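Worksheet: one structure, shown below.
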Amino acid sequence: MGDESKIRVGLLGCGTVGTGVLRILRDNASDIEARLGVKVEVVKIAVRDTDKPRDGIVPRAMMTRDANEVIDDPDVQVIVEVMGGYEPARTYLTRALNGGKHVVTANKALLARHGAEIFRLADDVHRDVIFEASVGGGIPIIRSLREGLASERIDSIHAIINGTSNFILSAMSTEGHTYGAALANAQARGYAEADPTMDVAGTDAAQKLSILIALGFGTDVPFEKILTEGIDTVSADDIAYAKSFGYVVKPLAIARAHEGAIEARVHPALVPVQSMMGSVRGVFNAVYVHTASLGPLMFYGQGAGMLPTAAAVVSDVIELGRNILRGTSGRIPHLAFHEGLIPQRALRAPAETECRFYLRFPVSDQPGVLASIAGALGARNISISRMVQDDSDGTAPVQVVMLTHEAREGDVRDALSTIGSLPFVRGPIRYLRIEEIR
C-alpha cells in the first residue's frame, strides 16, 4: 500500500445528491475507513451559489463558485461530478482527467452521449472514471455487469429504470388515477420535475439503457437511435383492461441479443401482475438480467433520491481510493469489454421485434366490425388469443380489446394502419407490447 494518509475529494455540485454524499461520508466514516484503510476527506466544493441556504453538513468555508478551483487543487485526487447535464460537466471532467484526477460521476446523460470520448481520454491519461450512480441509483447494476457477471454471456436485459414513470403507472394501477392526476401527484411529492418530459417521454430510460447495452453486450448504441415511447398515451382504460387480463403496465427498457444484432427499445408494456417485474411499484427500480449460464437474475432497489444515489457515488469513491492506494488504474475496462475484441452488432430494426400485443379499438357498434378487424390482422398472420368487447350504450364508441399471439411488430403496425382507415373506427387505436417476464 502507498503512503497516502487520506483520499481527498473535490465535489462539483452540492444539491440533493452532493449533500447526501457529505452525509454518508460523515455518518459512515468509521466503516468507510475500515473498508478502505484510510479516511475519505472532501476538501473543496463547487456550487453555483455560495449564498444559498444549505444543510448544515455543507461547510461554507469549502465552497467556491469556480469549479476550476476544485479541479486545479493539487490536494484533490478524485473529482466527484453530481451537476448533471452535458455542459459544463463535459468540459470539467475532461479538464480533471487531463489534470491527473480520477473521476466519479452520476451523469447518465453525459455518459450516454459523450462516454466513449471520456473513457478513451481516461485510458490515455491512465485515470479511471467510475459511474455506478448513473443507472439505477443505489442498485449495484453497473458493478455487477462490469465485474460480477464478467464470465457470463448476457442474453437479455429488462429494466424499470425511471422511478417517475413507474410511480405514475403504479398510481394509475393501484389508486385508479388518470395519467394527469398521477403526474400531478408525482410532482407534488417531488418525484417528477416541473417539466417531466425527460422522464415520461422515455429519454432518461433510453440514456440509461444505452449504458447498460455497452456494459452487457459490448456494443455502442446511441440513445437517440433506441426506439423510445413515453407513458403519456397510457390511459386508465388500458390499465383496467390489462388488469382484467392478469397484467400490469410497466415502463420497460429492453435489450436483447440476436445473431449479429441488438434489439433495444423503451416503452410501456404489459407484464404479468404476479411476476417479479410486475411487483416493482412506486419509485423503485429493477433490472432483470438473463444470462447463458445463470439464467434469470433480479436487481431491485431504490433508483433515485438523496441517499440511494449518494451511496453509489461513495462506493465509487472507495473503489477509486483502493486503486489510488495500490498505485493502479485501468484494472477493468470502463465499459467491461476491451475495445476491438468483441464484434460490434447492428441495432435491430424495430419492425423485426416479435412479441405479443395488446390492441384496443374504439369502434361503432355495428355488424361486421369484428370480422373486418380479424380479417386485417389475419391477412398479416396475426392471430388473436383473447378478446373482450364492452356493451354499448348507443352513444360512446364500443371498446374492442384483443391480445394477440406472438407477432412481428412491422406486421402489427401495417394491420393497425389498415384498420385505422376503416369507417367504423371512432378514435385512436391503442397498442402496447406484452413482455412475459417471469
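The values are calculated or read from the model by the stated rules, or taken from the named source; none is laboratory data. Here the structure is a predicted model, which is why all the values come from computation and not from measurement. Neighbour counts run over all protein chains shown; Cβ positions are idealised from the backbone, glycine included. Calculation scope for accessible area: heavy atoms of the full protein, side chains included, ligands and nucleic acids excluded. Shrake-Rupley method; radii C 1.70, N 1.55, O 1.52, S 1.80 Å.
Answer yes or no as to whether Lys108 is modelled with pLDDT under 95 and either in contact with a Ser or Thr (Cβ under 7 Å, 6 or more places away or on another chain) or farther than 24 Å from Glu147 by Cα (or both).
No: the conditions fail for Lys108.
Just to check your reading of the model, which residue among Ile142, Ile79 is touching a Ser or Thr at 6+ places or on another chain (Cβ under 9 Å), closer than 15 Å to Val314 by Cα and assigned to a helix (DSSP H, G or I)?
Selected residue: Ile142, the only one of Ile142, Ile79 that is touching a Ser or Thr at 6+ places or on another chain (Cβ under 9 Å), closer than 15 Å to Val314 by Cα and assigned to a helix (DSSP H, G or I).
Quick check on Lys108: is it out of contact with any strand residue (DSSP E or B) (no Cβ under 9 Å at 6 or more places or on another chain), in contact (Cβ under 8 Å) with a residue 40 or more places away in the chain and not β-branched (Val, Ile, Thr)?
yes
Given the conditions (1) open to solvent by 20 Å² or more (accessible area, probe 1.4 Å); (2) assigned to a loop (DSSP other than H, G, I, E, B); (3) modelled with pLDDT under 95, which single one is not true for His126?
Checking His126 against (1) open to solvent by 20 Å² or more (accessible area, probe 1.4 Å); (2) assigned to a loop (DSSP other than H, G, I, E, B); (3) modelled with pLDDT under 95, the one that fails is (3).
Out of the strands (runs of 3 or more DSSP E) lying entirely within the stretch 331-438, which hold 2 or more residues that are closer than 30 Å to Ala214 by Cα?
Counting at least 2 such residues, we get 354-363, 430-434.
Going through Ala181, Ala192, Ala171 one at a time, which residue ends up being touching a Ser or Thr at 6+ places or on another chain (Cβ under 8 Å), closer than 27 Å to Ile434 by Cα and either of a type in the set (Gly, Ala, Ser) or at pLDDT below 95 (or both)?
Ala192
So Gly340 ticks every box in (1) under 28 Å from the mean Cα position of the chain (by Cα); (2) in contact (Cβ under 8 Å) with a residue 24 or more places away in the chain but one. Which box is left unticked?
Only one criterion is unmet by Gly340, namely (2).
Test of understanding: among Glu259, Glu319, which residue is without any contact (Cβ under 8 Å) to a residue 12 or more places away in the chain and either farther than 14 Å from Ala159 by Cα or open to solvent by 10 Å² or more (accessible area, probe 1.4 Å) (or both)?
Glu259
With the stretch 175-217 as the region, which helices (runs of 4 or more DSSP H) entirely inside it contain at least 1 residues that are of a type in the set (Val, Ile, Thr) and under 20 Å from Thr233 (Cα atoms)?
Ranges flagged: 197-200, 203-217.
Is the stretch 33-41 home to any residue that is modelled with pLDDT under 95, touching a Leu at 6+ places or on another chain (Cβ under 7 Å) and open to solvent by less than 50 Å² (accessible area, probe 1.4 Å)?
Taking every residue of the stretch 33-41 in turn, none turns out to be modelled with pLDDT under 95, touching a Leu at 6+ places or on another chain (Cβ under 7 Å) and open to solvent by less than 50 Å² (accessible area, probe 1.4 Å).
Yes/no matrix, rows are residues, columns are (1) more than 22 Å from Ala257 (Cα to Cα); (2) of a type outside the set (D, E, K, R); (3) open to solvent by less than 60 Å² (accessible area, probe 1.4 Å):
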{"residue": "Arg348", "(1), (2), (3)": "no, no, no"}
{"residue": "Thr353", "(1), (2), (3)": "no, yes, yes"}
{"residue": "Pro362", "(1), (2), (3)": "yes, yes, yes"}
{"residue": "Thr395", "(1), (2), (3)": "yes, yes, no"}
{"residue": "His405", "(1), (2), (3)": "no, yes, no"}
{"residue": "Gly410", "(1), (2), (3)": "no, yes, yes"}
{"residue": "Gly420", "(1), (2), (3)": "yes, yes, yes"}
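Of all residues in the stretch 218-229 being under 13 Å from the mean Cα position of the chain (by Cα) and not in a helix (DSSP H, G or I), which is surrounded by the most Cβ atoms within 10 Å (Cβ to Cβ)?
Only one residue tops the list, namely Ile226.
State whether the residues of the stretch 316-337 include one that is closer than 17 Å to Arg127 by Cβ, basic (Lys, Arg) and at pLDDT 95 or above.
The answer is yes, given that some residue of the stretch 316-337 is closer than 17 Å to Arg127 by Cβ, basic (Lys, Arg) and at pLDDT 95 or above.
Name the single residue that is nearest to the chain's Cα centre (by Cα) among those in the stretch 175-217 being at positive phi and open to solvent by 10 Å² or more (accessible area, probe 1.4 Å).
Applying the filter and picking the extreme gives Gly190.
Pick out the one residue from Leu341, Leu370 that is among the hydrophobic types (A, V, I, L, M, F, W, C), open to solvent by 50 Å² or more (accessible area, probe 1.4 Å) and within 30 Å of Ala257 (Cβ to Cβ).
Leu341
Residue check: is Asp237 assigned to a helix (DSSP H, G or I), of a type outside the set (S, T, N, Q) and open to solvent by 50 Å² or more (accessible area, probe 1.4 Å)?
Criteria met by Asp237.
Which condition number in (1) outside any strand (DSSP E or B); (2) buried (at least 24 other Cβ atoms within 10 Å of the Cβ); (3) aliphatic (A, V, I, L, M) is the one that Leu121 fails?
In the conditions (1) outside any strand (DSSP E or B); (2) buried (at least 24 other Cβ atoms within 10 Å of the Cβ); (3) aliphatic (A, V, I, L, M), Leu121 misses (2) alone.
Scan the stretch 12-30 and give yes if some residue there is open to solvent by less than 60 Å² (accessible area, probe 1.4 Å), closer than 22 Å to Thr328 by Cα and within 29 Å of the chain's Cα centre (by Cα), otherwise no.
No, there is no match, as no residue in the stretch 12-30 is open to solvent by less than 60 Å² (accessible area, probe 1.4 Å), closer than 22 Å to Thr328 by Cα and within 29 Å of the chain's Cα centre (by Cα).
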